[in-house]
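The values are calculated or read from the model by the stated rules, or taken from the named source; none is laboratory data. Treat the numbers as computed from the prediction; the structure is a model and nothing was measured. No Cβ is skipped: glycine too gets one built from the backbone with ideal geometry, and neighbour counts run over all protein chains shown.
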Amino acid sequence: MRLDLKMPGKIIFEEGCLSELENCAARLTDNIFIVVSRTLLREGKLDGVLAGLKQKNIKYTVFDGVTGEPSPQMVDEAVNMARAAGCGAVAGVGGGSVLDLAKCAAALINNEGGVECYLELTDSPRKLEKEVVPFIAVPTTAGTGSEATKNAVVSSVVKGYKKSLRSEKMMACAALVDPELTYGLPREITARTGMDAITQIIESYTSKKATPITRALSIDAASNFGCLLKAWEEDEHAARKGMCYLSLISGIALANGGLGAAHGIAAGLGALYNVPHGEACAMLLPHVMRLNIGLCQEDYDRLAFKATGYKSAQALIDYVEEMNNKMGIRSRLGYLNIGDIDALSRASMGSSMSGNRVPLNIESCAEFIKGII
């Protein structure tokens, strides 16, 4: 048996570790491209880091134009800016969309062409033949796990796709997980990103691609599921820290063990109906668990015991639905007025779907979707 675990070259998990960014940058380059959320920049949370870079004579270029999930146009704009500035490394400080765009920039600074050439739009996308510049990931939400994954998601509502640029070269050289950056996160974002992390843990544990290592990581992290409601209701700092850990582990697990149908269909919903990714995952997860329960009963039992203290697959499904209900997340897809179910099914056939325990093709996926409208 071969076990091959890919993860960031260095992980620092500590309150206040954002301050490590300038030291990480200094070891990599004298000219860094920083992708940051506009809110974080406006609130001045990056001021100390920027001052430190200046003191160390490290040039920096800031891109704060990430609005929603990265589009190909947004990515190409950032890449062209980084190329023009001659940047030798990239840092992403923000949520999953910010980190994904930053990953794309790191991948493409030295590689010619726009991002669409490299996306998994065909069976043989262009490969990253030239060096990928070092990438530092600093997440500010707790859910996507993007700080620990080797892909970046790019979406085009106009063309109706949500696809990845994927390469082992894209793994972060350093991930700085600072729970303080998630304090005060709005409830809506807390709910969406938190349910994304929970979905990633459950799907990576039951994926057909799971390994003994990824399963060990996922089952251990399931004990943190209860942190979500505490973070959502009370902004409890210990719970925020627990969710940051859950997110980090979910990223490592999915990058090495795959996902399932909830993420597969969530990609289609994002591409065609602009449904926020975490919200889509949350809506779909209980339905996908019911679909898979015949093949995943024992796995769900184990996850349920870790999360709830009850060794019952049904208890886990109930637990997920209760969290969704409490946080105001819808339970079915009817509100979307889906017109072309076959088109949604086709858009859901990405890499995540291949890990689902019950195989779904375009026809069977369409039938499944009909049942949850």
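Right, residue 150: surrounded by fewer than 23 Cβ atoms within 10 Å (Cβ to Cβ), in the same structural domain as residue 41 (by TED's automatic domain parsing) and on the phi < 0 side of the Ramachandran plot or not?
Numbers: surrounded by fewer than 23 Cβ atoms within 10 Å (Cβ to Cβ): yes; in the same structural domain as residue 41 (by TED's automatic domain parsing): yes; on the phi < 0 side of the Ramachandran plot: yes.
When the stated conditions are applied, residue 150 passes them.
Being in the same structural domain as residue 271 (by TED's automatic domain parsing), buried (at least 17 other Cβ atoms within 10 Å of the Cβ) and either within 25 Å of the chain's Cα centre (by Cα) or in contact (Cβ under 8 Å) with a residue 12 or more places away in the chain (or both) narrows it down to one of 303, 295, so name that one. Spell out the reasoning first.
Numbers: 295 fails: buried (at least 17 other Cβ atoms within 10 Å of the Cβ).
After ruling out the rest, the residue left standing is 303.
In the stretch 31-54, what count of residues is obtained for those that are touching a residue at least 12 places away in the same chain (Cβ under 8 Å) and loosely packed, with under 15 Cβ neighbours inside 10 Å?
Total meeting the criteria: 2.
Which of the residues belonging to the stretch 97-124 are in contact (Cβ under 8 Å) with a residue 24 or more places away in the chain and over 20 Å from residue 40 (Cα atoms)? Walk me through how you get there before you give the answer.
Pass one, the stretch 97-124, residues in contact (Cβ under 8 Å) with a residue 24 or more places away in the chain: 97-109, 114-116, 118-121.
Listed by number, the residues that qualify are 104, 106, 107, 108, 109, 114, 115, 116, 118, 119, 120, 121.
Across the stretch 328-357, what is the total count of residues that are in contact with a helix residue (DSSP H, G or I) (Cβ under 7 Å, 6 or more places away or on another chain), among the hydroxyl-bearing types (Ser, Thr, Tyr) and not in a loop (DSSP other than H, G, I, E, B)?
Final tally of qualifying residues: 2.
Look through 188, 131 and report the one residue that is out of contact with any strand residue (DSSP E or B) (no Cβ under 9 Å at 6 or more places or on another chain) and closer than 24 Å to residue 60 by Cβ. Please lay out each step first, then the result.
On the way: 188 fails: closer than 24 Å to residue 60 by Cβ.
Of 188, 131, the one residue that is out of contact with any strand residue (DSSP E or B) (no Cβ under 9 Å at 6 or more places or on another chain) and closer than 24 Å to residue 60 by Cβ is 131.
Any idea which residue in the stretch 162-186 is surrounded by the fewest Cβ atoms within 10 Å (Cβ to Cβ), counting only those that are of a type in the set (D, E, K, R) and closer than 25 Å to residue 272 by Cα? Steps first, please.
Quick first cut of the stretch 162-186, residues of a type in the set (D, E, K, R) only: 162-163, 166, 168-169, 178, 180.
Subset that is closer than 25 Å to residue 272 by Cα: 162-163, 166.
Numbers: 162: 24, 163: 26, 166: 20.
Ranking the candidates gives 166 first.
Quick check, is residue 320 touching a Gly at 6+ places or on another chain (Cβ under 8 Å) and either modelled with pLDDT of 95 or more or over 30 Å from residue 215 (Cβ atoms) (or both)? Spell out how you get there, then give the answer.
Values: touching a Gly at 6+ places or on another chain (Cβ under 8 Å): no; either modelled with pLDDT of 95 or more or over 30 Å from residue 215 (Cβ atoms) (or both): yes.
Taking the combined requirement at face value, the residue does not satisfy it.
What is the residue count in the stretch 347-373 for residues that are more than 19 Å from residue 296 (Cβ to Cβ) and of a type in the set (Lys, Arg)? Break it down stepwise before answering.
Applying the first criterion (more than 19 Å from residue 296 (Cβ to Cβ)) to the stretch 347-373 yields 347-351, 361-363, 366-367, 369-370, 373.
Restricting the remaining residues to those that are of a type in the set (Lys, Arg) gives 370.
Of the residues in that region, 1 qualify.
How many residues does the stretch 218-244 contain that are surrounded by fewer than 18 Cβ atoms within 10 Å (Cβ to Cβ) and farther than 14 Å from residue 183 by Cβ?
Just the residues of the stretch 218-244 that are surrounded by fewer than 18 Cβ atoms within 10 Å (Cβ to Cβ), to begin with: 220, 223, 226, 230, 233-238.
Going one step further and asking which of them are farther than 14 Å from residue 183 by Cβ, we end up with 220, 223, 226, 233.
Looking only at that region, the number is 4.
Name the pairs: first residue in the stretch 264-287 and of a type in the set (S, T, N, Q), second residue surrounded by fewer than 24 Cβ atoms within 10 Å (Cβ to Cβ) and part of a loop (DSSP other than H, G, I, E, B), Cβ to Cβ under 7 Å, at least 6 apart or on different chains?
274/157
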